[in-house]
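Derivation of every value follows stated rules applied to the coordinates shown; laboratory data play no part. Here the structure is a predicted model, which means the values were calculated and not measured. Here Cβ is always computed from backbone atoms with ideal geometry, including for glycine, and neighbour counts include all displayed protein chains.
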Amino acid sequence: MDFSFSYYIGLAGIMVFTISGALAALEHKDHHHDLFSVFFTGFITAIGGGTLRDITLGNYPVSWVRDENILWAIFLGFLLVILLPRLLTKLKGELFLFDTLGIGIYTVLGTRIALDHGVNFFASALLGMISAIFGGVIRDTLMNAVPFIFRKEIYATACLVGSVLYIVLNVWDVNSNVNLIVSSSVVVAIRVLAVRYNLGLPKIKIFD
Amino acid sequence: MDFSFSYYIGLAGIMVFTISGALAALEHKDHHHDLFSVFFTGFITAIGGGTLRDITLGNYPVSWVRDENILWAIFLGFLLVILLPRLLTKLKGELFLFDTLGIGIYTVLGTRIALDHGVNFFASALLGMISAIFGGVIRDTLMNAVPFIFRKEIYATACLVGSVLYIVLNVWDVNSNVNLIVSSSVVVAIRVLAVRYNLGLPKIKIFD
Amino acid sequence: MDFSFSYYIGLAGIMVFTISGALAALEHKDHHHDLFSVFFTGFITAIGGGTLRDITLGNYPVSWVRDENILWAIFLGFLLVILLPRLLTKLKGELFLFDTLGIGIYTVLGTRIALDHGVNFFASALLGMISAIFGGVIRDTLMNAVPFIFRKEIYATACLVGSVLYIVLNVWDVNSNVNLIVSSSVVVAIRVLAVRYNLGLPKIKIFD
């Protein structure tokens, strides 16, 4: 097991993904809002992307099956939501930053894992992005909503830019810790700028 | 292959899950209600949870790929639905008991399989529950509805209690057949009581 | 790697699935219609069925992770959509034929892969069908719609007939290239006839 800097950041990301998923369950009008619904939505949001990456790669055992700490990080996030639901709802601005840090780290770690499996660059970039966004996609689908990645300002694309950058810097033999920090910072920067200035990708119109 | 008591109970559970999925398709207004829709919804409901457990564990070959009997049990359930749709709709009370027995057995078998793979207790408990409930979650998602686990009286939580109990009794070296019967009975008992007395978990409210 | 006839037909099928997925995103009213949404919907449609087949079989590495050409075929389909959206929308009749060819080939290739893994006939037939249809199922689910396989004229059933035929001819030791052509042609023929004459399977009615 790897108890490095990125490991603890990853656990923090898991906790924040859990909180964002649990809050989404609380805000959904068709949900029962009971303890289980809130826990399970947080759990799925937190582990969905990494699990899909791992089963697509055949990277067994899957992270949360191997490392119980991930489940305790989820449980901690869940406890915070049931103890302090109003506070966390008010802190959404602060949570946004945390969530953004989470997708930055997740993108890079996912890309790293794919490269370590000898996967081609194109697929590695996609798997890095999928690691970061797919928990949210599953959360929204279970909520019976069109996934936010199809609606919001630049989100998945920020991850894609970060994973491509990580691969390029990796080919150039940049130190992997430096690369982790630079590439995930670029994800965070693009996402923060996109939200602040309401930036989206060009649209394609076929119907007038 | 294991032709024990729990094997045949498991096949019966598969058949009942198929029937419940197929009836859900028949009752859905946006569905075509043709032979394929009914079969496929039953199939997905029956194998969804176990398949997700197996691919998360890397437990290959997946149960229905390895054991054709599972598919014949599904086919038998499907035949019953197309031959006796009105009867089965009337028997819903009786089917509820069968479905409850099914989730009880599934929970325990799923937990057992996870423990046999050397998985930590927390993840094993979750995988036991996922085995039992996720076929229904996929069924509801394909039906474009919020999954029933987010709406109904205590359901997934009953499975979680059963899988935790199985793990505790397993640590205490209780005979595994005794443990199977006790733990799955607890799932059934909680579920029956929850439906009879309309019991749910505490809700969390953030909006007044 | 296999650069045979069926390999190139498979790549053409991937490209057409991408186009059909991307056009579906463009036609969906709740979507943002930006470059990423269109790409990602096309990507999921193209690789969803094969990926689900591979992870169910434990057939690693998954096709698009192993073979970058699949991703370039997807990228090419995506480029065509963003460069020629109006033209492709008008060509839907022609694309229908291509899509039908795609599901024919996919069904047979998926069945072949399952048989090569020593899977029983019943499961192989289902996995052949799943290879062909599940990308579309995931696409529709992410679009928050009831999957088209539950609505349209005979579609999945055509695949099921084709996979069963492939298995029968395989047992009879028919040459595998001949079998590929015959079985996929049967899928295409059933689908074309079903659309032309608006054929559906018998419905099951329980409510009057």
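Before moving on, here are some points about what is shown:
- Neighbour count of at most 12 Cβ within 10 Å plus DSSP loop: longest trypsin sites (Lys or Arg not before Pro)-free window in chain A: A:30-204
- Identity and axial distance of the chain A residue whose Cβ lies nearest the axis relating A to B, Å: A:Ile55, 3
- Loop-located chymotrypsin sites (Phe, Trp or Tyr not before Pro) in region C:104-208 (DSSP state not H, G, I, E or B) with no more than 12 neighbouring Cβ atoms inside 10 Å: C:Trp172, C:Tyr197, C:Phe207.
- Charge dipole of region C:5-196 (Cα centre as origin; +1 on each Lys and Arg Cβ, -1 on each Asp and Glu Cβ, all else neutral): 400 debye, rounded to the nearest 20.
- MRE, 222 nm, helices only [DSSP H, n ≥ 4, -39500 (n - 2.57), over the protein assembly as shown, to nearest 500]: -25000 deg cm²/dmol
- Taking a point 7 Å out from the Cα of C:Glu27 in the direction of its Cβ, the residues of region C:73-110 whose backbone N falls within less than 11 Å of it are C:89-93, C:96.
- Computed from the Cβ-Cβ distance with R0 of 22 Å, the FRET efficiency linking B:Asn177 to B:Leu97 stands at 0.50.
- Listed residues A:Val108, A:Val168, A:Val16, most fluctuating in chain A (Gaussian network, C-alpha, under 10 Å): A:Val168
- In this simple spin-label model, placing a label point 7 Å from the Cα along the Cα-to-Cβ direction at both A:Arg151 and C:Arg86 gives a separation of 3.1 nm.
- Electrostatic dipole magnitude of the protein assembly as shown [Cβ: Lys, Arg +1; Asp, Glu -1; Cα centre; debye, to 20]: 1460
- Highest-MSF residue in chain B out of B:Ile133, B:Ile190, B:Ile19 [GNM, Cα springs under 10 Å]: B:Ile190
- Leading residue at positive end of dipole, region A:98-208 (Cβ point charges), from A:Gly110, A:Asn120, A:Ala189: A:Ala189
- Given +1 at the Cβ of Lys and Arg, -1 at the Cβ of Asp and Glu and no other charges, the dipole of region A:114-208 around its Cα centre is 380 debye to the nearest 20.
- Global form of chain C, assessed from the alpha-carbon gyration tensor, a/c cut-off 1.5: oblate
- With its label point put 7 Å out from Cα toward Cβ, C:His117 sits 1.5, 1.5 nm from the same residue's point in the other copies, in order from shortest.
- Over 28 Å between alpha carbons, listed pairs A:Lys203/C:Lys152; B:Lys90/B:Lys205; A:Lys152/B:Lys203; B:Lys90/B:Lys203; C:Lys90/C:Lys152: A:Lys203/C:Lys152; B:Lys90/B:Lys205; A:Lys152/B:Lys203; B:Lys90/B:Lys203
- Look at the dipole of region C:1-102 built from charges on Cβ: of C:Leu76, C:Thr89, C:Pro61, the Cα furthest out on the positive end belongs to C:Thr89.
- Between this copy and the others, label points of A:Ile82 are 4.6, 4.6 nm apart in ascending order, each placed 7 angstrom from Cα in the Cβ direction.
- Shape class for the protein assembly as shown: rounded, because the ratio a/c of the largest to smallest gyration tensor axis (alpha-carbon atoms, square roots of eigenvalues) is under 1.5.
- Distances in nm from B:Phe98 to the matching label points in the other copies, shortest first (labels 7 Å along Cα to Cβ): 4.7, 4.7
- Sum of side-chain charges, B:Gly128 neighbourhood, beta-carbon under 10 Å (Lys, Arg +1; Asp, Glu -1): +2
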